[in-house]
Structures are given as structure tokens and as C-alpha cells.
Amino acid sequence: MQADLSLAPFMHEAFDKNERRRRILLRNGALVFLGYTVTQIVTLAAKLLKLSSIQNQEIAFVACLTLGMSALFLLVTQKKRHLSNTYVNLFHFGQYVIWLVMYGVWVLTLREVRVIALFCALMPLTFLLADTKMLQSLVIAISAIVIQIAASHYAIYSLHQVGSFPLEVFYTCCFAPAALFLCYLSHLFSKQRQEIKHAKQAAEASRDALSVEIGKTQKANGELATALRQIEDLARVDVLTGVFNRRHLMGCLETAVKRQERTHQVFSIIMVDIDHFKRINDTHGHLAGDAVLKVVAHALTKTLRATDICARYGGEEFVILLEHTPADQGMHCAERLRALVASAQFDGLPVDFRVTVSLGVTEHLEAEAIECTLERADKALYRAKHGGRNQVMLAETLTA
């Protein structure tokens, strides 16, 4: 599937090129068909005006030859699925051969008005002006001059048709400057086409280069956005424990206070402190102390709701923000957290090694500064410490 997708742009480009060739060939073929039609109308007019002794069967023969072959080329071009370079060259060569035969036969059959063939010879030069190169136009012009002079000589001296050969040569020489001027115009148009083609290619190359640069910029922006998210995460997460840091906690507390002012919904705070943490560091080392902090942080967060916030407040202290939770429910939550920590296992430490925590719980009061709420939770934690540790205490203001 990926290969098919990668080939799609090239297939689309090949299809556009093929259709562009078809349009050009059909247009040129239609113009040639129109030119042949005009020549047959001129021939018929010469017959009707009795300017030429051409016969009806001769008119019919030339018309069938030229118009029939031109129509056949148009039909094949319209129906052919793929127009290769070989076919394009064959199309132009075939049209040129038909024109040579038509022109030679026509000059001979026109008899007394052979010279009008020169004016009709200007038609292919004019019709194909925008699509031919100077060399092609010169071939057509020179072919017309040579055929005109040779056919006049043959008609006058061999077929004994009416006419003055020097006069017809003079008319042919008068035709030559106009034909050469059209050849020069063809050269100018061809040069302009090449310039336009090169400008288009340059524009496409610039567009592709711009697309590449845009892709690089988008990739860089994506990497920058990822880096910014990582920086934001580092700015709000405690590296050691993986929970939020104090800076992020204070922002969340301020947000909770403002929400309570609007909605009057209560929230509670639990302050947690690891019991005898200094003794753990002194006895088992600071690496063991770090491991204890990680396990405790995990135990504190694994049962919290998505709306709750757990953050490392400092050292071995943690603060938990419980949204939409009054103090009594906060006590139940704190007791559950205490039990989870007490039963936690610690890899790399003795099997009977256990850690306990003391917790202080308080509910934020409306119109109260958040610092006061934290102070009440800290006092409740202090009472839990002095009351024997491994227990939960409710702030005194709420117990009264």
C-alpha cells in the first residue's frame, strides 16, 4: 500500500502529460482539417466561377483523400489510451505527408488558377504558428515553394496547361517573404514556449523545495512542542517521586480557592509526613531513603481520583488536595492512605522493614487564605506526630 501511495504523484503527472498531448494533437488536427476544408471550398468556388477547368471527380478525390485521412488521425488520437512520443512524431509526419500529397495533386488539378495554392499554403503556417518550431515551419514553406514551381513547370511544359511559368515563379517568389516571416514568428513563439516551460519547471522546483522546507519546519515545530511539553512536565513534577512538585501544588490550590468562591464547593487538604525518616536515612542510607519516598508517593497516588492532586511539599512531606470533599470524607481517605503505606513492601530492604506516616486533615473555609488552611493541616499533622505517629488527626478548628 505504501508503494502505491509513493507512485501516485508520478502516475498523476504521467496522466496530465498524456492528456496535454492529446489536447494539443486534437487541436492541431482540427486546424489542419479546417484548412483542408477551406481549400476544398476554394476549389469548388473556382469550379463554379469557371476560373478553373477542374473536374468534380477530381475535387471529390482530393477532398476524400485529405479530409478522410485527417478525420482518421483525429479519431485514432481521441480513442488511443496512451500517446507515446513515437505516436506524436508519427502524427506530425503523417499530417505532413498528407499535406505534401494534397498540395501536389491540388496544384495540378487547379490548372488555370494554380497560383491560389500559394495563398492556401499560408494556412498551415498560420494555424500551426503557436505549436511548431522554426525548422518545421521552414520545411513547410520550402516544400510549398518547391512543389509550386515543380508542379507549374510540369503542368505548363508537360501537360500543356494554360499559364506563364515565369509569372508563376514570380508569384512564388512573392509568397516566399510572407512564408519566411511566419517562420520567424514561429521561432519567436517557440522561444517563448521554452521560456514559459523553464519558468514553470523552476516554479515547480521552488514549490517542491518550499514543500520540503515547510515539512522541515513542521517537524521542527512538532519537536519544539514536544520539548516544551517535557519542560512543562519537568517544571511541575518532582523528579524523584514522580508526583507534582510544590510549585504546581500552590497553583492548583489557588485554582481550587477561586472555584470555591464561584461554586461554594468544599475541598479538603491532607498533609502527610513519613515517620522517622531521618532514622531511615541514617540507618539504611540516602538511597534507601529515596526508595522509601518513591514507594510512599506511589501508595499515596494509586487510590486517588483523577481530580485529586498529590504533591511533594518538601523533604519527606506530601500534600494531597481532595476536590469536592468535606473534612469527614477527607478523614476516611487519609485513614485508607495510612493503611496502604503501612502495608507497603520495599525492595532491597529487610523483609520486616515497614514505614508509617502521620497525616493531618483539614477542610478549606470560604474567605480563608490558603496559607491558613495549610497551617491548620500542619498543626493537625504535628498533633498526630506527638500523639504517637502512624495516625490521622483532624484540624482542631473543625473538631470544635
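Quick look at the numbers
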quantity	calculated
Highest average packing first - 282-292, 76-86, 97-107, Cβ atoms within 10 Å	97-107, 282-292, 76-86
Length released on extending from LEU49 to ILE370, taking residue separation times 0.36 nm less the Cα-Cα span	104.2 nm
Taking the chain and dividing mean pair separation by its residue count, relative contact order in percent (alpha carbons under 8 Å, at least six apart)	11
Net length gained if the chain between ALA202 and ALA339 were fully extended (0.36 nm per residue, minus Cα distance)	42.0 nm
Virtual paramagnetic centre 7 Å along Cα→Cβ of LEU167, amide N under 15 Å, in the stretch 77-114	111-114
Among PRO166, PRO350, PRO177: highest mean-square fluctuation, GNM of the chain, C-alpha pairs under 10 Å	PRO350
Rounded to 5, percent antiparallel among DSSP beta bridges of the chain	85
The stretch 125-272: relative contact order as a whole-number percent, Cα under 8 Å and 6+ apart	22
Tail weight of P(r) past 16 Å, computed on alpha-carbon pairs of the stretch 63-112, percent	46
Kyte-Doolittle at least -0.5, axis length at least 20 Å by Cα - qualifying DSSP helices, the chain	2-48, 56-79, 85-110, 134-157, 165-236, 286-301, 327-342
Accessible area (Å², 1.4 Å probe, nearest 10) - THR241	20
The chain - charge dipole about Cα centre, Lys and Arg +1 at Cβ, Asp and Glu -1, debye rounded to 20	2340
Residue with peak Gaussian network fluctuation, the chain [Cα springs, cutoff 10 Å], from ALA367, ALA71, ALA203	ALA367
At 0.692 mPa s and 37 °C, Stokes diffusion of the chain via Kirkwood alpha-carbon radius, µm² per second	108
Backbone N under 13 Å from the ARG279 label point (7 Å along Cα→Cβ), restricted to the stretch 373-395	388-390
Environment charge of ALA380, counting only residues whose C-beta is closer than 12 Å and scoring Lys/Arg +1, Asp/Glu -1	-1
Expected 222 nm ellipticity per residue - DSSP helices of 4 or more, -39500 (n - 2.57), all of the chain, to 500	-25000 deg cm²/dmol
Gain on full stretching of the segment that runs from ASN221 to THR303 - 0.36 nm per residue minus C-alpha separation	25.8 nm
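The values are calculated or read from the model by the stated rules, or taken from the named source; none is laboratory data. Everything quoted here is computed from the prediction, not taken from an experiment. FYI the Cβ positions are ideal-geometry reconstructions off the backbone, even for glycines, and counts take in every protein chain you see. For the accessible areas, the whole protein counts, side chains as well, though only heavy atoms, and no ligand, DNA or RNA atoms are used. Shrake-Rupley method; radii C 1.70, N 1.55, O 1.52, S 1.80 Å.
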